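Okay, structure first, notes after.
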Amino acid sequence: MTPPRRPRAVLFDCDGVLADSEMVVNAIVADQLTTLGWPLTAAQSRETFLGMALPDMVPRIEARVGPLPPGWAEEISTLIAHEMTMRTPAIPGAPEAVRACAAAGLAVAVASNSARAELVAKMRSLDLAHVFAERVFSFEDVDRPKPWPDIYLAAAAACGAAPQDCVVIEDSVPGVRAGIAAGCRVLGFARETPGGVLAAHGAEPFGDFAALPALLGM
Ligand SMILES: [Mg+2]
């Protein structure tokens, strides 16, 4: 097999790829929804909303509990940002992989369905803010969140690379779909979602960041 062509840029999803934040976020969401009359555990919240941006969660929640209090999404986003500033657990090997890509001369960006304040807090907490610099993209920076391609197209442009010269690292189905729709090669980090499911949507699954340099032709 020929080794993979080295990309010009690597575009990282945040939650479940760099930050082991899903359980922190899901505990907060489950707590809020239980208060509103939809009793959920953190694990059930994860299954229900995996990879979804907050605005896409709102109609599903309102269908179940009725209209949400005004400013609910903003309030929960602030709560999550605060929690993430205190403590963002890293996915083992992921921050090191980002630094290795940058050191090898590849452009790196982060592209996430998180709110911007939350995303910035996570990058600071993971000590990656200076590595990504201004190449940090939230759903708030584009017209449409994942699974639309907008965030990855914006991230590729910021890296000065055509989408076909970029590799996207994703762990959820909406994220894989966004990367594929943007025209990027997508590597699927199989942790929250089985590799076979990610592959069915066009990703090449992998299970350990130690495998990433070889997958990127580094
Ligand atoms: Mg993710």
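If you count the DSSP beta bridges with both ends in the chain, what percent of them are antiparallel, to the nearest 5?
Numbers: 1 of 20 bridges.
Here the share of antiparallel DSSP bridges comes out near 5 percent.
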- Task: At 0.36 nm per residue, minus the direct Cα-Cα distance, what do ALA133 and ALA73 gain on full extension? Give it in nm, one decimal, please.
- Result: 18.9 nm
- Residue by residue, what Karplus-based ³J(HN,Hα) values in Hz, rounded to whole numbers, does the range 7-16 have, using 6.51, -1.76 and 1.60 with θ = phi - 60° and x for Gly and Pro? x, 7, 9, 10, 10, 9, 5, 9, 6, x
- Message: Suppose the chain between ARG144 and ALA214 were pulled fully straight at 0.36 nm per residue; how much longer would it get relative to their current alpha carbon spacing?
- Response: 21.9 nm
- Message: Counting pairwise Cα distances across the range 33-92, what percent come out greater than 16 angstrom?
- Response: 54 percent
- Once all Cα-Cα distances of the chain are split into 5 Å bins that start at 0, what whole-number percent is in each one? 1, 8, 16, 20, 21, 16, 9, 5, 2, 1, 0, 0
- Message: Going by average Cβ density within 10 Å per residue, which order do the peptides 87-93, 172-178 take, highest to lowest?
- Response: 172-178, 87-93
- Note on the structure: Expected vector for the range 31-41, Karplus 3J(HN,Hα) from phi with 6.51, -1.76, 1.60 and θ = phi - 60°, integer Hz, x for Gly and Pro, equals 4, 5, 5, 4, 4, 7, x, 10, x, 9, 8
- Task: Search the structure for amide H atoms under 5 Å from the amide H of PHE189, placed 1.01 Å from N in the peptide plane, and list their residues when 5 or more places away or on another chain.
- Result: GLU170, ASP171, PHE206
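Can you give the calculated 222 nm mean residue ellipticity of the chain, where each DSSP H run of n ≥ 4 adds -39,500 (n - 2.57) and the sum is split over every residue, rounded to the nearest 500 deg cm²/dmol? Don't jump to the answer; show the numbers that get you there.
Values: 11 runs with 102 residues, N = 218.
Theoretical 222 nm ellipticity from helices: -13500 deg cm²/dmol.
Every number here is computed from the coordinates shown, using simple stated rules; none is lab data. Fair warning: this is a prediction, and the values are worked out from it, not measured in the lab. Virtual Cβ from ideal backbone geometry, glycine too; neighbours counted across all protein chains shown.
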